[in-house]
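Enquirer: My questions will all concern the structure given below.
Only the coordinates and a few stated rules stand behind these numbers; no lab work does. Computed from a predicted model, the values in this text were never measured in an experiment. Counting neighbours? That spans all protein chains shown, and the Cβs are built from the backbone with ideal geometry, glycine included.
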Amino acid sequence: MSEASNYYIDRTPDILEESRGGLRAYSIRDDMLRNREITLLGAIDEDSVNSLITQLLYLERKSPGEEITFYINSGGGEVRNGLALYDVMQHISSPVRTVCVGLAASMAAVLFASGDRRELYTHSKVMIHDPSVSGMPAAKALELRTLSEDLMDMRQALAEILAKHTGRPVESILERTMTDSYFDAESAIEFGLADSIIA
């Protein structure tokens with residue numbers, strides 16, 4: 001993460017509240033968690049996923065069956081970590097309302113589409129595509145074959161998840177994910193990736 005992005009994360013303001021005991025400060029994230037709201041703002045990686053899993057399990061334990069709102073603005077990231085988060089979302093009894101704020105792309109689109117109630121803001125975009133490998137070091141032929149087989153398995157698994165949550169055939173999903181497929185709010189609803197637009 002760059003120094004610039006660290007600067008903005010560190011600059012997230014605290015909430016100041018006056019009480020009989022004086023001023024007390026707490027973070028906006030703590031306040032959102034109290035309201036059963038969590039956020040994915042940025043890349044899907046081990047750190048962000050571990051934090052989100054912890055928050056989901058905490059909220060599930062605190063009030064099983066009560067809705068959790070999950071705000072997403074992410075260009076995607078690591079599929080394996082994303083699938084771990086997906087599994088937890090499907091396992092808990094609390095329904096997860098997903099809200100796309102800006103962009104839900106790649107693995108973030110899969111997470112968004114898997115919500116129990118899926119809403120977007122008017123100018124949000126959803127993008128789906130096949131999984132890929134970036135920054136791959138030199139590899140031998142057998143390593144490449146193993147990697148290729150793993151990618152194809154992952155492609156099929158993601159297509160099956162999207163088919164389950166959109167109601168579309170797996171073949172239709174595989175066809176759309178061959179290239180980057182962008183959906184505005186209305187077309188995301190039409191394709192089955194979302195349920196409604198937040199006016």
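Enquirer: Let's see if you can work this out: charge +1 on each Lys and Arg Cβ, -1 on each Asp and Glu Cβ, no other charges. What is the dipole magnitude of the chain about its Cα centre, in debye to the nearest 20? All intermediate terms of the calculation are to be shown ahead of the outcome.
Expert: On the way: 19 positive and 31 negative charges, 58 e Å.
That gives the chain a dipole magnitude of about 280 debye.
Enquirer: Let me ask something additional. Output ³J(HN,Hα) for the range 62-74: one whole-Hz value per residue in order, computed from phi by the Karplus curve 6.51 cos²θ - 1.76 cosθ + 1.60 with θ = phi - 60°, and x for Gly and Pro.
Expert: With coefficients 6.51, -1.76 and 1.60, one gets 5, 9, x, x, 8, 5, 10, 9, 10, 7, 10, 9, 8 Hz.
Enquirer: Which peptide among 98-105, 144-151 comes first, and what is the full order, when sorted by highest mean count of other Cβ atoms within 10 Å?
Expert: Taking the mean over residues of other Cβ atoms within 10 Å, the ranking is 98-105, 144-151.
Enquirer: Turning to a different aspect of this structure: Largest first and in whole Å, give the semi-axes of the range 135-199's equivalent ellipsoid, each being the square root of 5 times a Cα gyration tensor eigenvalue.
Expert: Values: eigenvalues 198, 35, 15 Å².
Each semi-axis is the square root of five times an eigenvalue, giving 31, 13, 9 Å.
Enquirer: Using alpha carbons only, how many angstrom separate the centre of the range 56-115 from the centre of the range 164-180?
Expert: Using only Cα atoms, the two centres lie 20 Å from each other.
Enquirer: Normalized C-alpha radius of gyration of the range 27-82, against 2.2 N^0.38 Å?
Expert: On the way: Rg = 11.5 Å, N = 56, 2.2 N^0.38 = 10.2 Å.
After normalising by residue count via 2.2 N^0.38 Å, the value is 1.13.
Enquirer: Using only helices, what value at 222 nm comes out for the chain when you add -39,500 (n - 2.57) per DSSP H run of length 4 or more and divide by the total residues, to the nearest 500 deg cm²/dmol?
Expert: Working: 8 runs with 92 residues, N = 199.
Calculated at 222 nm, the ellipticity per residue is -14000 deg cm²/dmol.
Enquirer: By count of other Cβ within 10 Å, fewest leading, how are 158, 33 ordered? Spell out each step's value before the answer.
Expert: On the way: 158 25, 33 17.
Least to most surrounded, the residues fall as 33, 158.
Enquirer: Rounding to the nearest 10 and keeping the result within 0 to 90°, find how far the Cα-based axis of helix 141-166 lies from the longest principal axis of the chain.
Expert: Helix 141-166 and the main axis of the chain meet at about 60 degrees.
Enquirer: Still on this structure: For the chain, what's the relative contact order in percent, using C-alpha pairs closer than 8 Å and at least 6 residues apart?
Expert: Reported as a whole number, the value is 16 percent.
Enquirer: With a/c under 1.5 counting as rounded, go ahead and sort the range 42-133 into rounded, prolate or oblate using the C-alpha gyration tensor (a ≥ b ≥ c being the square roots of the eigenvalues; past the cut-off, prolate if a/b is larger than b/c, else oblate). Don't skip to the end; give the middle numbers.
Expert: Working: a/c = 2.06, a/b = 1.31, b/c = 1.57.
Oblate, since a/c reaches 1.5 and b/c is not below a/b.
Enquirer: If you rank 164, 140, 125 by fewest surrounding Cβ atoms within 10 Å, what's the result? Mind showing how you got there, number by number?
Expert: Working: 164 14, 140 8, 125 17.
Fewest to most other Cβ atoms nearby, the residues stand as 140, 164, 125.
Enquirer: Further, regarding this structure: For Rg/Rh (Cα atoms, Kirkwood Rh), the listed values are (i) 0.94; (ii) 1.02; (iii) 1.19; which was obtained by calculation from the structure presented?
Expert: The value matching this structure is (ii).
Enquirer: Same structure again: Just rank 154, 178, 127, fewest to most, by other beta-carbon atoms within 10 angstrom.
Expert: Working: 154 16, 178 10, 127 19.
The order, fewest Cβ neighbours first, is 178, 154, 127.
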